[in-house]
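What follows is one structure encoded as structure tokens, with my remarks underneath.
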Amino acid sequence: MSDTEEVPLVVEQFLQQISEELASGPLNLPCFPGVVSRVRQAITNPKSTAEDIVRVAGTEPRLSARLIQTASSSIFNPTGVPLTNLRQAVTRLGNSLVQSVTMAFAMQQMKADSSLRAVAEPLSRLWEKSIAVASICQVLARRLGVPPDKVFLTGLLHGIGHFYILVRAASVSDGMPYETAVRDFIADWHPELGRAVLESWGFEQIMCDAVGHQNRYERTPHPNADITDVVIVSVALAEVLLERAGDRTLLSGINALQSLKLSEQDINLILTHTEHNLSALREVLLG
């Protein structure tokens with residue numbers, strides 16, 4: 001949004017309301033399953049053990065089943081060794097993927113909530129893109145030789161600011177229209193909001209910064225690519241795949257491609273892999 005662009009009063013008030021919520025402390029989204037924050041707390045508590053995470057996740061049978069299903073899938077279990085219980089699933093997945101599966105579970109639960117019916121379609125589109133971004137992040141992380149699980153989670157959460165706007169737009173009493181807010185004013189703003197949301201939830205700063213800088217196409221190229229470069233490129237490639245019908249025009253201005261040393265052939269392979277992988281990932285994460 002340009003500095004001279006006028007912001008409608010209803011949108012300005014909506015953004016002010018969100019800013020006040022961010023300033024007041026940790027955010028609690030309406031309709032967000034409580035098990036998500038409990039799993040997060042168990043994972044971030046330095047005194048917690050794997051058994052604590054199993055105990056918390058086990059309080060929600062549907063989440064337990066999803067964790068076991070995910071850990072048993074060919075995507076996250078290339079050895080093919082079958083898993084039979086939640087303890088094995090948590091150990092196999094690790095903390096970052098446990099959080100990824102828990103967030104996916106939460107999204108599915110919220111989509112069914114009647115209070116979010118007005119934004120059900122954009123929520124579905126956002127979650128589809130989030131899965132694509134996470135998949136590309138995973139590929140690029142392996143290319144860099146860094147553990148992919150944390151990068152996968154960061155990609156999955158890249159749109160959390162957008163998600164937060166959707167949920168709040170559906171719940172405000174004055175009927176602030178989502179389409180007006182997002183289409184005209186939020187597209188460039190949601191990354192910073194996403195960073196603030198993740199910071200309020202206690203995520204690592206490197207993940208928060210990557211989400212906040214996802215639109216920094218002009219970021220100076222550098223020889224040591226990092227998670228921010230991965231997220232910038234992954235979001236752009238997901239947009240090419242899902243929203244631009246393969247049109248790669250926007251890629252020409254993204255310096256992170258140079259940092260990652262991605263050739264045209266590399267991009268072709270990543271897009272093909274993501275397109276083929278999406279169905280399996282969707283089945284694993286969304287059931």
Could you grab the pairs with beta carbons closer than 8 Å, sequence gap of 6+ or different chains, first residue in the range 80-94 and on the phi > 0 side of the Ramachandran plot, second one surrounded by 12 or more Cβ atoms within 10 Å (Cβ to Cβ)?
Gly94/Asp149
Could you tell me whether the range 108-130 includes any residue that is assigned to a helix (DSSP H, G or I), in contact with a Phe, Trp or Tyr (Cβ under 6 Å, 6 or more places away or on another chain) and of a type in the set (Val, Ile, Thr)?
yes
Inspect the range 220-233 for any residue being in the same structural domain as Pro147 (by TED's automatic domain parsing), out of contact with any His (no Cβ under 8 Å at 6 or more places or on another chain) and polar (S, T, N, Q) and give the result as yes or no.
yes
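Let's see how each residue does on (1) at pLDDT below 90; (2) aliphatic (A, V, I, L, M); (3) surrounded by fewer than 16 Cβ atoms within 10 Å (Cβ to Cβ):
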residue: Val139; (1), (2), (3): no, yes, no
residue: His158; (1), (2), (3): no, no, no
residue: Gly161; (1), (2), (3): yes, no, no
residue: Val167; (1), (2), (3): yes, yes, no
residue: Ser173; (1), (2), (3): yes, no, yes
residue: Met176; (1), (2), (3): yes, yes, no
residue: Asp184; (1), (2), (3): yes, no, yes
For residues that are of a type outside the set (Val, Ile, Thr) and in contact with a Leu (Cβ under 6 Å, 6 or more places away or on another chain), scanning just the range 88-102, find the one that is surrounded by the fewest Cβ atoms within 10 Å (Cβ to Cβ).
Ser96
When you look at Leu22, is it aliphatic (A, V, I, L, M), part of a helix (DSSP H, G or I) and in the same structural domain as Ala134 (by TED's automatic domain parsing), yes or no?
yes
Could you list all residues from the range 52-79 that are of a type in the set (A, V, I, L, M, F, W, C), touching a residue at least 40 places away in the same chain (Cβ under 8 Å) and either part of a helix (DSSP H, G or I) or buried (at least 18 other Cβ atoms within 10 Å of the Cβ) (or both)?
Ile53, Ala57, Leu63, Phe76
Any idea which residue in the range 234-276 is surrounded by the most Cβ atoms within 10 Å (Cβ to Cβ), counting only those that are closer than 25 Å to His213 by Cβ and of a type in the set (S, T, N, Q)?
Ser234
Cys208: passes all of (1) part of a helix (DSSP H, G or I); (2) free of Cβ contacts under 8 Å to residues at least 12 places away in the same chain but (2)
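The values are calculated or read from the model by the stated rules, or taken from the named source; none is laboratory data. All values derive from a computational prediction rather than experimental measurement. Every residue, glycine among them, receives a Cβ derived from its backbone with ideal geometry; neighbour counts consider all protein chains shown.
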